Amino acid sequence: TNLECTHGVLSFDHVLHGSITFTNFNEDATNSSQPLANTTVSMDEGRGYTEKDFGRSFPSLWIWIQTNSFRNNPGTSLFVSLARISTPIFGLEFPGFTAAVWHDKELIPFATWSGAKFENLSISSEKVFMAMRSSKNRRYFEYRVELTVSRDAPEMLLYAPVNFTKMEPFVHEALLARVHMRLFNGHGDIIFDDIGVNTGLEVHGDVEWLVNNLCENKSRKGWICL
């Protein structure tokens, strides 16, 4: 692929086994190689999720959401990624998204490739709200999902690739955000209503560009829309 970044999900939800050991070192520079103590955290029976990115750079702007820590529905997993996609074709850029809900042993895709559409998207300093509707076809039933994500969680700074050449610290990611997810069937009945805790959230760049490129926005400039 010639896209600057390609995203893939390897596992929406799995059970963890094992542990992580943290080594604390002496802050005194003269004895920095001397460990003070080890702290071991058991990961047994925890819930896991695995994804990957590959390419030359991250997009210029994106929103990423993930959790499989729903309070009343262990095993249910949510993944959302929407971004400005850059191509090598005359510098063409367009909005795209891929998202899915894994619930009750069923994968429900909400993505550009599956024909899904955004009904609403709003972003503020306090929260992110979005509503998407899937496309009914021979493989999938029609669903609608509403997500409200709080943005009051602390963030950490992560390194990310820049044009194949280096890694730079510019990605701010929260791991303790909360998302309220409501899932509706094609008849409008609520089939899922729960809070996902320990939610991963990244809101990077001028994401208002995504709002301006909703298909519902008649003043949008591009012919490809969310």
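Just so it is clear, none of the values below were taken in a lab; they were calculated from the coordinates. Because the structure is predicted, anything quoted here is derived from the model rather than measured. Quick reminder, even Gly has a Cβ in these numbers, built from the backbone with ideal geometry, and neighbours come from all protein chains shown.
Sequence-distant contacts, meaning Cα pairs under 8 Å at least 6 residues apart, place the relative contact order of the chain at 17 percent. Counting 0.36 nm for each residue step from Phe22 to Ser57 and taking away their Cα separation leaves a gain of 9.5 nm. Electrostatic tally near Gly18: other residues with Cβ closer than 12 Å to its Cβ, Lys and Arg +1, Asp and Glu -1, net -2. Checked against a 24 Å cut-off, the cross-linked pairs Lys117/Lys218; Lys52/Lys221; Lys52/Lys105; Lys52/Lys136 give Cα-Cα distances beyond that limit for Lys52/Lys221; Lys52/Lys136.
Once the chain from Lys105 to Phe164 is taken as fully extended at 0.36 nm per residue, the excess over their C-alpha distance is 17.5 nm. Cα-based values for the chain, radius of gyration first and Dmax second, are 19.6, 68 Å. For chymotrypsin sites (Phe, Trp or Tyr not before Pro), the sites in region 164-226 that DSSP calls loop and that have at most 10 other Cβ atoms within 10 Å are Phe164, Trp223.
With a Förster radius of 35 Å applied to the beta-carbon distance between Cys215 and Val41, the computed FRET efficiency rounds to 0.20.
The longest stretch of the chain left intact once loop-based trypsin sites (Lys or Arg not before Pro) with at most 12 other Cβ atoms within 10 Å are removed from consideration, loops following DSSP, is 140-217. Taking R0 as 45 Å, what's the FRET efficiency between Val15 and Asn120 from their Cβ-Cβ distance, rounded to 0.05? The computed FRET efficiency comes out at 0.80. Running a GNM on the chain with Cα contacts under 10 Å, which residue among Pro161, Pro59, Pro169 ends up with the highest mean-square fluctuation? Evaluated over the chain, the most mobile residue of the options is Pro169. Taking amide hydrogens as placed 1.01 Å from N in the peptide plane, the amide H of Gly46 sits under 5 Å from those of Leu16, each at least 5 positions away in sequence or on another chain.
Karplus-derived 3J(HN,Hα) values for region 125-133, using 6.51 cos²θ - 1.76 cosθ + 1.60 with θ = phi - 60°, are 6, 9, 7, 10, 10, 8, 10, 10, 10 Hz; glycine and proline are entered as x. Over the C-alpha trace of region 112-210, radius of gyration and Dmax come out as 16.3, 50 angstrom.
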